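The values are calculated or read from the model by the stated rules, or taken from the named source; none is laboratory data. Just so we're clear, the structure is a prediction, and the values are computed from it rather than from any experiment. Cβ: placed from backbone, ideal geometry, glycine included. Neighbour counts: every protein chain shown. All accessible areas refer to the heavy atoms of the entire protein, side chains included, with ligands and DNA or RNA removed. Shrake-Rupley method; radii C 1.70, N 1.55, O 1.52, S 1.80 Å.
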Amino acid sequence: MNYPYRHIPIVSPAYRNLRRFVNSRRYAGNNVWCPVCSRSFKSWLNNQSHGSCPYCRSETRHRITCLYLQNRYSNTQLPIKLLYFAPHWGLERWLRKQKRTFSCTTTDLSAPNVDVHADITNLPFKSQSFDLIVCCHVLEHIPNDEKAISELFRVLHNDGTALIQVPCNYSAEYTDEDLSITDAHEREKRFGQFDHVRLYGQDIVKRLKLPGFKVEIFRPTRNYTRQENERLGLWDDAIFVCRKG
Ligand SMILES: [Zn+2]
């Protein structure tokens, strides 16, 4: 699995720093607030109601994960062993700052600057190595997602939790999947992105339950007022909270 758009030379750390500096000034204001970088702006990038953060480029999915972690683990005394797949710059930075709460290991098959390069379908970790897993928008890239989900289950402690997010057509009963489609344009048209191999439907929950996970669907926007959702830039996205115990 490759993420070619991550390796475009122009998206270097120096360019990203410059972009953050420029955007912080261009979008200066106090209409919206990003919980990932704790900064406020006059608007989001690209989309007025739920675009990306001008500073850390968080999307709704990163912001709801950050809010979940803040709310769920704020009183934790011992560092939680966390495995973070395909890390987002801003959310990883936030996690690294919470040293008393999270001991973070980042992983990806090919992205630079992660702690461990690993194939999610064959993880190089002992069983029950982690208390918490964050796996955001990864499974839709993996042909054998059943094996990937079973590996997440294996490396998680018996009382651990995996926070899993995928692009999902919540109105569709079944996942749209055809592994014989390998053309980038065809994949983009059918699954939403050139390197996606499926678009999940409601049956994602059944797939997650296969190795034994108990699944709760967490939709945080339903806990907030319309004004709060607008300020946080959230659309009605979900986290699949998967527990072993
Ligand atoms: Zn941000």
* Of all residues in the range 90-110, which are open to solvent by 50 Å² or more (accessible area, probe 1.4 Å), within 14 Å of the ligand (Cβ to nearest atom) and without any contact (Cβ under 8 Å) to a residue 24 or more places away in the chain? -> Lys97
* Asked: Has the range 134-157 got any residue that is more than 12 Å from Lys244 (Cβ to Cβ), out of contact with any Asp or Glu (no Cβ under 7 Å at 6 or more places or on another chain), open to solvent by 70 Å² or more (accessible area, probe 1.4 Å) and among the charged types (D, E, K, R)?
  -> yes
* Asked: Among the residues of the range 1-18, is any touching a Phe, Trp or Tyr at 6+ places or on another chain (Cβ under 7 Å), at pLDDT below 95 and open to solvent by less than 40 Å² (accessible area, probe 1.4 Å)?
  -> no
* Can you name the residue in the range 55-77 that is polar (S, T, N, Q) and open to solvent by 20 Å² or more (accessible area, probe 1.4 Å) and, of all such residues, is farthest from the ligand (Cβ to nearest atom)? -> Gln77
* Structure fact -> Among residues of the range 177-215 being outside any helix (DSSP H, G or I), open to solvent by 30 Å² or more (accessible area, probe 1.4 Å) and hydrophobic (A, V, I, L, M, F, W, C), the residue farthest from Leu156 (Cα to Cα) is Phe194
* To do: Would you tally the residues in the range 158-176 being at pLDDT 95 or above and either crowded, with 21+ Cβ neighbours inside 10 Å or hydroxyl-bearing (Ser, Thr, Tyr) (or both)?
  => 9
* Number of positions in the range 38-54 that are near the ligand (Cβ under 8 Å from one of its atoms) and crowded, with 21+ Cβ neighbours inside 10 Å -> 2
